[in-house]
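One structure below.
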């Protein structure tokens, strides 16, 4: 480390004061190191203070909660006594994100394979760009597109699912109403997390050692066999962490869910029925009418969301850290 | 070539007839197009016959038929392995088309519905005195708000992000650098509403009033990790020879970084910053919590409520009348155009300024 610093190249000092900081260069270096390290520490401080502030307000809020914060099926902090709980929100958040994952991950892997192995070489880069554009669309626009365009279009699909798959229980539609359901939210979230899952998977697939693929081809494997035998095993951990990054996005999505879902404080596995709620959606919907305690209660639910996304993202990063090159941050 | 004779019958047992050893039967190159045409025709036919209204169903049926038809035909004409290969190929194509459809539909809907209310008046007037249910009014106050909030967020996050990236690439070693790297990664995943709640709790604590600045700070929290990541990657692309040459001339390290490393990577850094701006410009949740929104023009981001484009869309959507939907779509069109132009310009800069040593 020391051998690369420029100060070693200056004439050797006569005294023992090796790092005395006499020249302006050294002083400048010190200031600059201080500034850049300071910003690094600032990032850590921001994370720490997010956790601290949210926890503080959340404790204030939960201490006034007359119901059980974890199991109450209601959100009424303005009531007398104030009662609110996150059970419905946790359920809705997890279920809608799982639906999104189930839809998005296979499709995203397919798109990633398409771009890395199937598309004509000259088309691959523009196609990758088109998928990245999906990520550039603001979530509120997904929201109004979902609410005003997708929901009416999904009506038919819902009827069809109900008609033929009602026996699965989850696709049984027991309530009449437009498709402002957790299932629709899941589809919309799937579209929104496609780009990040795709781009991280694509990066991983492109890093498969060329030799492995060529060896498989030389043995007479078809393209699919090459992918199954050399690409997918190599890319598995990358795909897993890409999916978890996508999951992190889906968990915290606010506006798209808030515009599409018609919320209710019920837990139902009939996914096609309108109703349910997610953490972020509930915050967006209840904020306007919230008083001091209401805000603290919403902050408490936000803290749970924060911890949830922190765990998911941290796990994804730990998996991906084994292969440093793949960072999804630019997706 | 002899192995083809041996494996031929084994791989394709249903064709007992005499097989040519050199060229087993194969489909022509245009076969996938043919399959696609046939299955779309069949899909539309079946859907019409069944009386389905939703185009989504039509598409699904056609896609399913495409996969089936190509698998069956290929396994009949060629062999099982080829058929599986074809199946994978068609599935992969279907995946890609499935992803492009929503993008095209979203852009089409936004443009076609957005142009209705979008005109010069819309861009230059606020909503002052306009009842939500009636037509009229505009988006000027929201554009002012968005530009100021995003500008402030950029002013805060670019120096912090840049310096953090410099620390990680040029100085960072040991536990602190590892921790910063990890938490920057985790920070990219913070939901925007949580960033908003964080500043809300600060506001509650110190009894601050909502203002554009508060929203900008929340946006900065979302922007910093993106700037750090992209800058870091660009700095890593700067060849070490440049640093060594500068250091060998006796230039202090900090001047090397400021005068050599950063200018070399400037194109990429600019791209990263612009992409980050494009991302935060569409954030609604923090604005909703921290800036509150107003119908009036407030050009001072440090005092009083402001509006912003995404918040305006949300507001107009909630009013729920035909006129307000028109306004929402028009504002969406403005926002999407802003974001897309930023994206295109950023990627243009990236291509134009790409380091020659790049991957």
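The values are calculated or read from the model by the stated rules, or taken from the named source; none is laboratory data. As the structure is a computational prediction, the values presented were derived from the model and not from experiment. Because the Cβ atoms are built from the backbone with ideal geometry, glycine has one as well, and the counts that use them run over all protein chains shown.
Hand me the list of helices (runs of 4 or more DSSP H) wholly inside the stretch B:38-157 holding 3 or more residues that are touching a helix residue (DSSP H, G or I) at 6+ places or on another chain (Cβ under 6 Å).
On the way: elements: B:55-77, B:80-114, B:120-124.
Because the criterion is at least 3 residues that are touching a helix residue (DSSP H, G or I) at 6+ places or on another chain (Cβ under 6 Å), the helices (runs of 4 or more DSSP H) in the stretch B:38-157 that meet it are B:55-77, B:80-114.
Please state which of the following conditions residue B:306 fails to meet, knowing it meets all the rest: (1) within 30 Å of residue A:262 (Cα to Cα); (2) crowded, with 24+ Cβ neighbours inside 10 Å; (3) within 10 Å of chain A (Cβ to nearest Cβ).
Residue B:306 satisfies all of (1) within 30 Å of residue A:262 (Cα to Cα); (2) crowded, with 24+ Cβ neighbours inside 10 Å; (3) within 10 Å of chain A (Cβ to nearest Cβ) except (3).
Identify, from the list B:239, B:263, B:301, the residue that is surrounded by fewer than 19 Cβ atoms within 10 Å (Cβ to Cβ), in contact (Cβ under 8 Å) with a residue 60 or more places away in the chain and over 25 Å from the mean Cα position of the chain (by Cα). Steps first, please.
Values: B:263 fails: in contact (Cβ under 8 Å) with a residue 60 or more places away in the chain; B:301 fails: surrounded by fewer than 19 Cβ atoms within 10 Å (Cβ to Cβ).
Exactly one of B:239, B:263, B:301 is surrounded by fewer than 19 Cβ atoms within 10 Å (Cβ to Cβ), in contact (Cβ under 8 Å) with a residue 60 or more places away in the chain and over 25 Å from the mean Cα position of the chain (by Cα), namely B:239.
Out of all the residues in the stretch B:165-177, which are touching a residue at least 24 places away in the same chain (Cβ under 8 Å) and either within 18 Å of residue A:314 (Cβ to Cβ) or crowded, with 23+ Cβ neighbours inside 10 Å (or both)?
Applying the first criterion (touching a residue at least 24 places away in the same chain (Cβ under 8 Å)) to the stretch B:165-177 yields B:165-166, B:168-170.
Result: B:165, B:166, B:168.
Only residues that are assigned to a helix (DSSP H, G or I) and at pLDDT 90 or above: list them for the stretch B:237-252, please.
Filtering the stretch B:237-252 for residues assigned to a helix (DSSP H, G or I) gives B:237, B:240-248.
Residues satisfying the conditions are B:240, B:241, B:242, B:243, B:244, B:245, B:246, B:247, B:248.
Working carefully through the options B:272, B:304, find the one that is in a helix (DSSP H, G or I) and either over 18 Å from residue A:140 (Cβ atoms) or not assigned by TED's automatic domain parsing to the domain that holds residue B:188 (or both).
Details: B:304 fails: in a helix (DSSP H, G or I).
Result: B:272 is the single residue among B:272, B:304 that is in a helix (DSSP H, G or I) and either over 18 Å from residue A:140 (Cβ atoms) or not assigned by TED's automatic domain parsing to the domain that holds residue B:188 (or both).
Please go through the stretch A:83-102 and give me each residue that is surrounded by fewer than 18 Cβ atoms within 10 Å (Cβ to Cβ) and over 20 Å from residue A:198 (Cβ atoms), ordered by number. Break it down into steps so the answer makes sense when it comes.
As a first pass, look at the stretch A:83-102 and keep what is surrounded by fewer than 18 Cβ atoms within 10 Å (Cβ to Cβ): A:87, A:94, A:98, A:102.
Hits for the stretch A:83-102 are A:87, A:94.
Filter the stretch A:250-263 for residues that are in contact (Cβ under 8 Å) with a residue 24 or more places away in the chain and outside any helix (DSSP H, G or I); which is farthest from the chain's Cα centre (by Cα)?
Step one: filter the stretch A:250-263 for residues in contact (Cβ under 8 Å) with a residue 24 or more places away in the chain, giving A:250-262.
Cutting the leftovers down to outside any helix (DSSP H, G or I) gives us A:253-254, A:261-262.
On the way: A:253: 8, A:254: 12, A:261: 19, A:262: 22 Å.
Filtering first and then ranking leaves A:262.
Which of the residues belonging to the stretch B:193-225 are without any contact (Cβ under 8 Å) to a residue 60 or more places away in the chain, farther than 23 Å from residue B:275 by Cβ and facing chain A (nearest Cβ under 8 Å)?
Across the stretch B:193-225, the qualifying residues are B:198, B:201, B:202, B:204, B:205.
Assigned to a helix (DSSP H, G or I), at pLDDT 90 or above, more than 14 Å from chain B (Cβ to nearest Cβ) and crowded, with 21+ Cβ neighbours inside 10 Å: does that describe residue A:105?
On the way: assigned to a helix (DSSP H, G or I): yes; at pLDDT 90 or above: yes; more than 14 Å from chain B (Cβ to nearest Cβ): no; crowded, with 21+ Cβ neighbours inside 10 Å: yes.
No, not satisfied.
Testing residue A:276 on (1) surrounded by 24 or more Cβ atoms within 10 Å (Cβ to Cβ); (2) outside any loop (DSSP other than H, G, I, E, B), one condition comes back false. Which one is that?
The single condition residue A:276 does not satisfy is (2).
Please state which of the following conditions residue B:180 fails to meet, knowing it meets all the rest: (1) surrounded by 21 or more Cβ atoms within 10 Å (Cβ to Cβ); (2) assigned to a loop (DSSP other than H, G, I, E, B); (3) free of Cβ contacts under 8 Å to residues at least 60 places away in the same chain.
Condition (2) is where residue B:180 drops out.
Would a scan of the stretch A:258-267 turn up a residue that is at pLDDT 90 or above, over 17 Å from residue A:110 (Cα atoms) and either out of contact with any helix residue (DSSP H, G or I) (no Cβ under 8 Å at 6 or more places or on another chain) or away from every other protein chain (no Cβ under 14 Å) (or both)?
Scanning the stretch A:258-267, I find no residue that is at pLDDT 90 or above, over 17 Å from residue A:110 (Cα atoms) and either out of contact with any helix residue (DSSP H, G or I) (no Cβ under 8 Å at 6 or more places or on another chain) or away from every other protein chain (no Cβ under 14 Å) (or both), so the answer is no.
Report every pair of residues separated by at least 6 positions or lying on different chains whose Cβ atoms are under 8 Å apart, first residue within the stretch B:106-121 and in contact (Cβ under 8 Å) with a residue 12 or more places away in the chain, second in a loop (DSSP other than H, G, I, E, B).
Between residues of the stretch B:106-121 that are in contact (Cβ under 8 Å) with a residue 12 or more places away in the chain and residues that are in a loop (DSSP other than H, G, I, E, B), the close pairs are B:117/B:135; B:121/B:138.
Restricting to the stretch B:101-124, and then to whatever is surrounded by 17 or more Cβ atoms within 10 Å (Cβ to Cβ) and away from chain A (no Cβ under 14 Å), can you tell me which residue is farthest from residue B:307 (Cα to Cα)?
Only one residue fits best here, namely B:118.
Of the residues in the stretch B:283-293, how many are outside any helix (DSSP H, G or I) and modelled with pLDDT of 90 or more? Even if it seems obvious, please write down each step before you answer.
Initially, the stretch B:283-293 is screened for residues outside any helix (DSSP H, G or I), giving B:283-284, B:291-293.
Filter again for modelled with pLDDT of 90 or more, leaving B:283-284.
Qualifying residue count, the stretch B:283-293: 2.
Any residue at all in the stretch A:202-210 that is over 25 Å from the mean Cα position of the chain (by Cα) and in a helix (DSSP H, G or I)?
Yes: the stretch A:202-210 contains one or more residues that are over 25 Å from the mean Cα position of the chain (by Cα) and in a helix (DSSP H, G or I).
Name the single residue, out of those in the stretch A:108-138 being assigned to a helix (DSSP H, G or I) and over 26 Å from residue B:339 (Cβ atoms), that is nearest to the other protein chains (Cβ to nearest Cβ).
Initial filter on the stretch A:108-138 (assigned to a helix (DSSP H, G or I)): A:108-118, A:121-136.
This time we only want the ones that are over 26 Å from residue B:339 (Cβ atoms), so: A:109-110, A:113, A:116-118, A:121-122.
Working: A:109: 8, A:110: 3, A:113: 5, A:116: 10, A:117: 8, A:118: 5, A:121: 15, A:122: 15 Å.
Once the filter is applied, the top-ranked residue is A:110.
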